[in-house]
Amino acid sequence: MTSEFAAKIMLIAGGLFGLLSVLLGAFAAHGLSQTLSASQLATWQTGVSYQMYYALALLLSGQWLLNNGPRILKTAGMLFCVGTLGFSGSIYALVLTSATWLGPVTPLGGLCLISGWLCLCWAGVKAAARGDSE
């Protein structure tokens, strides 16, 4: 996969994650507020917040990759996507279904997110080493 194609996927995913985080936040506030407990709504909001954070991280990483960023940004983007789906997605499913078997998915998603940040840090080190000033 070329860096340009990966960057475009990251930008699309970032836009979709941002869009869905707003929709899911509104859905909880207006559609689920009467059926979920305060604790469940707070848990849902955690998923929404993290989803928005990673929408922004994907948009920034994708833009950096488009502007000749290090190839490791492709790995960061993939980890951010998988991590967001695992972390936020499992939170939504846990709140809606109480399916306890999904519990281990949340920390695995979090591990992907942490790994994505490590890749992003490495991209910064690589960019600094090659003297990128823009």
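What follows is calculated from the coordinates using simple rules that are stated; it is not laboratory data. Being a predicted model, the structure only gives us computed values, none of them experimental. Please note: Cβ atoms are built from the backbone with ideal geometry, for glycine as well, and neighbour counts cover all protein chains shown.
Relative contact order of the stretch 21-82, taken over Cα pairs closer than 8 Å and 6 or more residues apart, is 30 percent. Net length available on complete extension from residue 42 to residue 66 is 5.0 nm, with 0.36 nm assigned per residue and the Cα-Cα distance removed. Relative to one another, the C-alpha centroids of the stretch 1-73 and the stretch 77-134 are positioned 11 Å apart.
Counted by neighbouring Cβ atoms within 10 Å, the residues 115, 49, 90 run from fewest to most as 49, 115, 90. Taking every alpha-carbon pair under 8 Å whose residues sit at least 6 apart, the stretch 52-134 reaches a relative contact order of 35 percent. Quick note on the stretch 82-134: its Rg to Rh ratio, both from C-alpha atoms and Rh being the Kirkwood radius, is 1.29.
Counting beta carbons within 10 Å around each of 43, 84, 106 and listing the fewest first gives the order 43, 106, 84. How many percent of the alpha carbon pairs in the chain exceed a separation of 24 Å? Value for the chain: 34 percent of Cα pairs lie more than 24 Å apart.
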